[in-house]
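Computed from the coordinates by the stated procedures, all read-outs in this text should not be read as laboratory data. This is a predicted model, so every value here is computed, not measured. Here the Cβ positions follow ideal geometry from the backbone for every residue, glycine too, while neighbour counts run over all protein chains shown.
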Amino acid sequence: MAFEYLKSMSGGLDKNAVLSDIMLTYGEDVWNYAFFLSKNRTLADDVTQDVFVRVYERLYTFRGEASIKTWLLAITRNLVRDHWRSAWIRRVIPFGILRQEGQEPSAESQVIGLLAEEEVWNTVLGLPFKLREVLLLHAHHQLSYAEIAKLLNVSEGTVKSRLSRARAKVSQQLGEEGRKA
């Protein structure tokens with residue numbers, strides 16, 4: 001869906017209607033990305049809400065240099081990072097509790113109920129942050145190397161390298177799990 005009207009907001013479009021369209025179109029992607037980054041459902045809920053509050057407040061700042069999805073995912077990434085840096089969350093929520101919640105199977109694997117999908121999901125969640133993030137943006141959100149590079153403020157070569165290492169680690173870990181079974 002093209003949101004050309006974001007460029008012409010002075011044309012009298014209802015800000016609430018624009019936000020509603022954006023939320024309906026990208027809400028699930030924002031939540032999934034927040035969950036992938038945080039491994040915490042409650043934090044993903046909070047971040048998703050904060051993303052759309054921020055979008056509502058700053059809707060007119062969208063410059064159209066990237067897609068709306070890329071803009072939203074950048075906001076999501078920054079807010080997750082802000083939450084983790086917050087002294088409050090480090091004092092109130094012990095790190096071990098957050099890690100345990102991340103071990104639960106994904107919503108997708110619960111719905112589908114396939115053991116193999118759950119295993120892949122947990123393997124991806126176990127990747128180091130930088131590798132997991134690139135793999136998620138490319139495989140799940142279907143962003144191009146250029147879009148990922150712009151979002152993360154790194155070179156396309158770095159994106160390709162991280163993606164290659166992420167895939168290799170997932171393959172290696174799944175291969176080891178297969179030999180154990």
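Key figures for this structure:
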{"quantity": "Inter-probe distance in nm under a simple model that places probes 7 Å from Cα toward Cβ, at SER164 and ASP82", "calculated": "3.6 nm"}
{"quantity": "Estimated FRET transfer efficiency when R0 is 35 angstrom, pair GLN172-ASP45 (beta carbons, to 0.05)", "calculated": "0.60"}
{"quantity": "Inter-centroid distance (Cα atoms) of segment 14-65 relative to segment 121-181, Å", "calculated": "23 Å"}
